[in-house]
Ligand SMILES: Cc1cc2nc3c(=O)[nH]c(=O)nc-3n(C[C@H](O)[C@H](O)[C@H](O)COP(=O)(O)O)c2cc1C
């Protein structure tokens, strides 16, 4: 049986838009026979990396900081699939997820090797091979805003063994994720949530998303001209702000 360990890096945790994507994905994984656990990073005590290299030089594989990362690492080593789910923050991961990623550098040895023509770290646990999945959502509607995030994960996966120990199974990157907060619109996006479930199943059964599922996942939530999306978003923001401020201007 495959074990899936998911990290939700949204400060909104279970109430956020990231969770709206992560949940059906994990449902698909469990339907395909996997176990799934989500760790909400906002609820964990994971300190920023000190950059002291104790985990490499003094006590290899053991971090100087004693916090929840000890249990997280144990859970990672007991998992086959790691899911990184984050809101897009300044075109990359949230600070909560970045802190986890920095602390994950312990998964590689400090020495370097050449793999695929560029440098990487040898894996600290050579017997361990993970599939990784990236999930994100953003305020802006266009897919292109995820470019730096995708690049970060491609490089991050390569950094451990040169792409042999962490392989990206697929990505779900959704623009205009704030629209998930409008409950009345959610049934209209069932096609997307169903594709997330399908991607979860395929990750377990086939090791990657099928091109057909990826194509559906990449479709925009609303297929409208950009100017219409801009107008709609701004009207929504005005309305929501009015409600929150308790005025009817
Ligand atoms: C600090 C901060 C930075 C953000 N940066 C971006 C960004 O660079 N691009 C973008 O499209 N949306 C950005 N957003 C919007 C979030 O990605 C969006 O609200 C998302 O739906 C939040 O997901 P969550 O509910 O799971 O936290 C940002 C939001 C915050 C609070």
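Most mobile of 125, 153, 25 per a Gaussian network model of the chain (Cα springs, under 10 Å)? Of 125, 153, 25, the Gaussian network model singles out 125 as fluctuating most. Expressed to the nearest 5 percent, the antiparallel share of DSSP beta bridges inside the chain is 15 percent. When a/c is below 1.5 the answer is rounded, else prolate if a/b is larger than b/c, else oblate, so apply that to the chain with a ≥ b ≥ c taken from the square roots of the Cα gyration tensor eigenvalues. It is prolate, given that a/c is not under 1.5 and a/b is the larger ratio. The long axis of helix 190-206 is offset from the longest Cα principal axis of the chain by roughly 20 degrees.
Give the shape of the range 126-204 as rounded, prolate or oblate, defined through the alpha-carbon gyration tensor: a ≥ b ≥ c are the square roots of its eigenvalues, a/c under 1.5 means rounded, and otherwise the shape is prolate if a/b is larger than b/c and oblate if not. Verdict is oblate for the range 126-204. Sorting 105, 1 by the number of Cβ atoms found within 10 Å of their own Cβ, with the fewest placed first, yields 1, 105.
Considering only 120, 64, 184, the Gaussian network model of the chain with Cα springs below 10 Å gives its largest mean-square fluctuation to 184. Largest GNM mean-square fluctuation among 16, 28, 147, using the chain with Cα springs under 10 Å: 147.
Rounded to the nearest 500, the helix-only mean residue ellipticity at 222 nm of the chain stands at -11500 deg cm²/dmol, with each DSSP H run of n ≥ 4 adding -39,500 (n - 2.57).
Each reported figure results from applying straightforward, stated rules to the coordinates on display, with no laboratory input. Keep in mind the model is a prediction, meaning the values are calculated, not measured. Neighbour counts run over all protein chains shown; Cβ positions are idealised from the backbone, glycine included.
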